[in-house]
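Taking it in order: structure first as structure tokens, then the write-up.
The values are calculated or read from the model by the stated rules, or taken from the named source; none is laboratory data. All of these numbers come straight from a predicted model, not from anything done at the bench. Ideal geometry is used to build each Cβ from the backbone, glycine not excepted, and the neighbour counts take in all protein chains shown.
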Amino acid sequence: MQEALEFYIDGQWQQSQSDARIEVTNPSTEEAYAVIALGGDADTNAAVTAANTAFDGWSQTSKEERLALLEKLLDIYGRRAGEMGETISKEMGAPIDWAKGAQAGSGFGHIKNFIETLKEFEFDRLLNDNAPNDRILYEAVGICALITPWNWPINQVTLKVIAALAAGCTIILKPSEIAPMSALIFAEMIDEAGFPKGVFNLVNGDGMGVGTQLTSHPDVDMVSFTGSTRAGKLISKSAADTVKRVHLELGGKGANIIFADARDNALAWSVKRCFGNSGQSCNAPTRLLVERSVYNDAVTAAADAANATAVDMASKQGNHIGPLVSQLQFDKVQTLIETGIGEGARLVAGGPGRPEGITEGYFVRPTVFADVNNEMEIAREEIFGPVLSIIPFDDEEEAIRIANDTVYGLTNYVQTEDSAKATRVARRLRSGMVEINGMPRSAGAPFGGYKQSGNGREGGSWGIEDFLEVKSVSGWASNQ
């Protein structure tokens, strides 16, 4: 059993001052392989104190100094990317090829992109050409608590940490206690890169413990959280008494609108995109809206694609999906599959239980429901598993109405060869992101949502700006 009982505080590894422990489980085998410490008040306070002490110096460093450290970090990450992928695969069940590619690769990509963004970012700007003595200064918001999830662990760590460091903030990172091992490797990289002590701190813990201690702490200036909408609401309430900034990236229930003139491969792409990462992505297109004239063929194609989706151990190479992350998540998805059947949705692929031949691990059958309506729980609840709900529509107006009829507003998708229709629909979808015809968003594009999918944006210049305050200064000497 691997023991990871230390936290990274004030530039060194320190033994937890709490006796609480939790095991880290391999979801493919249901066997614990590591144990971590869960921090308490003393650990949290030590990390906040270290970040507070370091803030004045770090916030005043030049852009060039921050860039030099981030570039060194990128080199270290590149050298250890394989190890990062193996760790992510083991802790949260991503198949090893996917873990080394998309999962670990996302961390490298975000660091690289933030470096390029920071090079061009102006922290000191003129108000306008007619006001030469007015300056707009972008300054670090302060001490930031960063709380990250288990489903894309290093993706979210780097989206938050690198943006905050680039902005000049100091940090306390609390990764998910379910998948914490990749964050510990990242802390080793930070240490090797030589960031000043106290700039980056890591304390493991759960939401009710370290999470709440950070969100309510009077010396924490900002909380950036990625996770469920339910948890995001609790964090907002916890942070309210100290009026700290709260950045939330929460759940989603994306609509994928398939018009009759969509490309031939739109259905296969849609199912693959929904089931990727075993359905454990907040931006997954889990509601498939299909124009009625092609509905029956689409249901058949979606069922065929689901039945062709392989499920296997995360440690095996290949193009398959792995298990869900935990028993809790497995049970939730099983309950919602049963709910869909009980609501009268037509099960055309998959269903309850594990895939045939699998007797252990948190594996779920790739599942497709047809004849779903938008009032069913499976159409409104974020399932977070490989479960697709197909809903028919008659025309463009109905498709937009169904797509927007949700508390969420993260990512929607449009599939049509009519470019005018695609852009027209994209403008009316109430979501922070829209992808047309499977075209992925480019590096540095902002990630975030409307409504109960959260607030703020991650990635590119928007990600850095979320960690900055805006100061307006008059009487500035125009030659300075």
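Cβ separations smaller than 6 Å between residues 6+ apart or across chains give the following pairs from the range 439-451 residues that are more than 20 Å from Ala422 (Cβ to Cβ) to residues that are modelled with pLDDT under 95 and not in a helix (DSSP H, G or I): Gly448/Gly456. Screening Phe225 with (1) of a type in the set (Phe, Trp, Tyr); (2) part of a strand (DSSP E or B); (3) over 20 Å from the mean Cα position of the chain (by Cα) gives one miss only, at (3). Do you know which residues across the range 330-347 are out of contact with any Ser or Thr (no Cβ under 8 Å at 6 or more places or on another chain) and not hydroxyl-bearing (Ser, Thr, Tyr)? Within the range 330-347, Phe330, Asp331, Lys332, Val333, Gln334, Leu336, Glu338, Ile341, Gly342, Glu343, Gly344, Arg346 qualify.
Each residue in the range 355-374 was checked for being at negative phi and in contact with a helix residue (DSSP H, G or I) (Cβ under 9 Å, 6 or more places away or on another chain), and 12 pass.
Only one entry in Glu91, Glu177 is among the acidic types (Asp, Glu), surrounded by fewer than 24 Cβ atoms within 10 Å (Cβ to Cβ) and closer than 29 Å to Val311 by Cβ, namely Glu177.
For Ala145, the test of being in the same structural domain as Val220 (by TED's automatic domain parsing), at pLDDT below 95, of a type in the set (Gly, Ala, Ser) and farther than 21 Å from Ser28 by Cβ is failed. Looking only at the range 305-331, residues that are surrounded by fewer than 16 Cβ atoms within 10 Å (Cβ to Cβ) and either assigned to a helix (DSSP H, G or I) or assigned by TED's automatic domain parsing to the domain that holds Glu31 (or both) come to 4 in all. Every condition in (1) assigned to a helix (DSSP H, G or I); (2) under 22 Å from Gly40 (Cα atoms); (3) in contact with a strand residue (DSSP E or B) (Cβ under 7 Å, 6 or more places away or on another chain) holds for Leu159 except the one numbered (2). Of all the listed residues (Val203, Val157, Val161), the sole one being more than 23 Å from Asp75 (Cβ to Cβ) and either buried (at least 24 other Cβ atoms within 10 Å of the Cβ) or not hydroxyl-bearing (Ser, Thr, Tyr) (or both) is Val203.
Is it the case that the range 376-389 has a residue that's of a type in the set (Lys, Arg) and in contact (Cβ under 8 Å) with a residue 24 or more places away in the chain?
The answer is yes; a qualifying residue exists.
Restricted to the range 465-480, and to residues there that are surrounded by 12 or more Cβ atoms within 10 Å (Cβ to Cβ) and out of contact with any Phe, Trp or Tyr (no Cβ under 6 Å at 6 or more places or on another chain), the residue that is nearest to Gly448 (Cα to Cα) is Asp466. Scan the range 203-249 for residues that are closer than 19 Å to Phe467 by Cβ and among the polar types (S, T, N, Q) and the total you get is 5. Name the single residue that is surrounded by the most Cβ atoms within 10 Å (Cβ to Cβ) among those in the range 15-45 being outside any strand (DSSP E or B) and small (Gly, Ala, Ser). Filtering the range 15-45 for residues that are outside any strand (DSSP E or B) and small (Gly, Ala, Ser), the one surrounded by the most Cβ atoms within 10 Å (Cβ to Cβ) comes out as Gly39.
Here is a yes/no grid of residues against (1) among the small types (Gly, Ala, Ser); (2) surrounded by fewer than 23 Cβ atoms within 10 Å (Cβ to Cβ); (3) in contact with an Asp or Glu (Cβ under 8 Å, 6 or more places away or on another chain):
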position: Ser238; (1), (2), (3): yes, yes, no
position: Val243; (1), (2), (3): no, yes, no
position: Val246; (1), (2), (3): no, yes, no
position: Leu250; (1), (2), (3): no, no, no
position: Ala255; (1), (2), (3): yes, no, no
position: Trp269; (1), (2), (3): no, yes, no
position: Phe275; (1), (2), (3): no, no, no
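Among the residues of the range 443-474, the ones that are outside any strand (DSSP E or B) and at pLDDT 95 or above come to 19 in all. Consider Ala193 carefully, then state whether it is within 14 Å of Trp13 (Cα to Cα), among the small types (Gly, Ala, Ser) and in the same structural domain as Ile147 (by TED's automatic domain parsing). So Ala193 does not fit the description; no.
Considering each residue of the range 242-264 in turn, none proves to be part of a helix (DSSP H, G or I) and either in contact with a Leu (Cβ under 8 Å, 6 or more places away or on another chain) or over 24 Å from Glu177 (Cβ atoms) (or both). Is one or more of the residues making up the range 4-14 in a helix (DSSP H, G or I), of a type in the set (A, V, I, L, M) and in contact with a strand residue (DSSP E or B) (Cβ under 8 Å, 6 or more places away or on another chain)? Checked the range 4-14: no residue is in a helix (DSSP H, G or I), of a type in the set (A, V, I, L, M) and in contact with a strand residue (DSSP E or B) (Cβ under 8 Å, 6 or more places away or on another chain).
Is there a residue in the range 323-331 that is within 17 Å of Ile178 (Cα to Cα) and of a type in the set (Gly, Ala, Ser)? Looking through the range 323-331, at least one residue is within 17 Å of Ile178 (Cα to Cα) and of a type in the set (Gly, Ala, Ser). Taking the range 220-236 as the range and being of a type outside the set (Ser, Thr, Tyr) and buried (at least 16 other Cβ atoms within 10 Å of the Cβ) as the test, the residues that pass are Val220, Asp221, Met222, Val223, Phe225, Gly227, Ala231, Gly232, Leu234, Ile235.
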